[in-house]
1. All but one of (1) away from the ligand (no atom under 16 Å from the Cβ); (2) surrounded by fewer than 24 Cβ atoms within 10 Å (Cβ to Cβ); (3) among the aliphatic types (A, V, I, L, M) hold for residue 228, so report the exception by its number.
2. If you scan region 235-287, which residues turn out to be within 16 Å of the ligand (Cβ to nearest atom), more than 17 Å from residue 210 (Cα to Cα) and surrounded by 19 or more Cβ atoms within 10 Å (Cβ to Cβ)?
3. Here are some residues: 279, 283. Which one is in a helix (DSSP H, G or I), assigned by TED's automatic domain parsing to the domain that holds residue 64 and within 28 Å of residue 188 (Cα to Cα)?
4. Checking residue 367 against (1) at pLDDT 95 or above; (2) surrounded by fewer than 17 Cβ atoms within 10 Å (Cβ to Cβ); (3) of a type in the set (Gly, Ala, Ser); (4) more than 23 Å from residue 211 (Cβ to Cβ), which test does it fail?
5. Within region 100-110, identify whether any single residue is charged (D, E, K, R), within 15 Å of the ligand (Cβ to nearest atom) and either at pLDDT below 95 or assigned to a helix (DSSP H, G or I) (or both), and answer yes or no.
6. Here is a list: 318, 369. Which entry is free of Cβ contacts under 8 Å to residues at least 12 places away in the same chain, of a type outside the set (Ser, Thr, Tyr) and under 23 Å from residue 125 (Cβ atoms)?
7. For residue 202, which of the numbered conditions (1) farther than 23 Å from residue 127 by Cα; (2) touching a helix residue (DSSP H, G or I) at 6+ places or on another chain (Cβ under 8 Å); (3) part of a helix (DSSP H, G or I); (4) not basic (Lys, Arg) fails to hold?
8. Which residues, taken from region 306-315, are within 15 Å of residue 385 (Cβ to Cβ) and in contact (Cβ under 8 Å) with a residue 60 or more places away in the chain?
Amino acid sequence: MEHILRCFGDIYNVSVVRGEGCYVYDDQGNKYVDFEAGVWSAALGHSHPGVNETLYKQVDQIMHLGYRYQNPIVEEAARMLLEAVNFDSGKCIFLSSGSEAVEFAVQITRRITKRPLLLTLSGAYLGAFGSAGKRDAEEWHVFDWSKCHTCSTTGCRPDCKLMADLPFDQIGGFVMEAGSNWVRMPPKHLIQTLESRVKEEGGLIVANEITTGLGRTGSWFGYEHYCLQPDIVAVGKHLGNGYPVSAVVMKEHSGLYLEGDSFRYAQSHQNDALGCAVVTTVVRTLGEVGLVQRSKEVGQIFKEKLIELQHQHKCIKEVRGLGLMLAIELQHCELSAIHRELFSKGYLVGISALANLLRFFPPLTISIEDIDGMINALGAVLSSR
Ligand SMILES: Cc1ncc(COP(=O)(O)O)c(C=O)c1O
């Protein structure tokens, strides 16, 4: 990668040239099991035959068209997503990345509520750029919930100082992200308290479902674990199975408000037919093959296996997650060396040096055999230290 700017971190010396299902292959023919699904995106697995066929067919018809023209596959993709979130008569826009979808959701929330201040949780990742990426203090109130797990298990205390400090009457919206970054999900009572206080004061609830959406956590959307009723939902990653398409879905009143208010947003690839065709195939396949339920069941088995491993290795401090969004927090060991050794044994897993985590976000089709293979390899790597 001599000519590619390095702006993320270490690049391993491997040239990945092909993917199929849960596997990717390098130019030497070596096979790797991809426990990251690319960047948590290939829910159906790499090079999925149904997605590929959809792409070929749509490429032969039309990929992209001007803002003022309609196309049936775009409308169909919107209809399917609105049905998935259960927003009757809502509206949808298709964009190109998760960051763009969250930033768009943030812009429309401010526009609708006319309040610039937004609320989010500490540790949440919202995107690579824009207001959501920067989260400047004048525009964002970042709620530190690090002590909420131990404070109460039943509900937020009426005398909670953190809650009392929140300027609910100035908050335009709560951008909720169900803890995918550090695989640490916030407590249900906290989310429900924030939801009701924000709504009481006229704010909107925005669910950032870029990572947790479309089956990752064993339900269609991460917010379902909280019985949250969002007004706006941002989806990405799984939506394109690796193709760069994202979406923002909103309830009827938000859509009507924006259209009535002459809201403008122009980006060359919004509502592109090619991305929307992929969306229809991904959403249909997730439902038809029962992958959301599979994520829940296989995720539970996977988690139990990680917990067994934890009993054998003191360096595993904690096993966390839901569905096929799992992580282990390590202690007293060299995280990046472990990551590299797993790679050399043919397993691609995620790493967060900041939180000392190995993350497992595989395709929702991952087999128990491949999970066993990775657990054995990880056990061997940990035993050798
Ligand atoms: C929770 C969350 N929000 C937003 C984003 C940004 O999405 P993208 O990288 O597609 O721009 C990510 C990416 O990892 C994410 O995990």
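1. (1)
2. If the condition is that a residue be within 16 Å of the ligand (Cβ to nearest atom), more than 17 Å from residue 210 (Cα to Cα) and surrounded by 19 or more Cβ atoms within 10 Å (Cβ to Cβ), then 272 is the only one that fits.
3. Only one candidate qualifies: 283.
4. Against the list (1) at pLDDT 95 or above; (2) surrounded by fewer than 17 Cβ atoms within 10 Å (Cβ to Cβ); (3) of a type in the set (Gly, Ala, Ser); (4) more than 23 Å from residue 211 (Cβ to Cβ), residue 367 comes up short only on (4).
5. Scanning region 100-110 turns up at least one residue that is charged (D, E, K, R), within 15 Å of the ligand (Cβ to nearest atom) and either at pLDDT below 95 or assigned to a helix (DSSP H, G or I) (or both).
6. One residue alone meets the criteria, 318.
7. (3)
8. The answer is 309, 312, 313, 315.
The values are calculated or read from the model by the stated rules, or taken from the named source; none is laboratory data. No experiment lies behind these values; they were computed from the predicted model shown. Here Cβ is always computed from backbone atoms with ideal geometry, including for glycine, and neighbour counts include all displayed protein chains.
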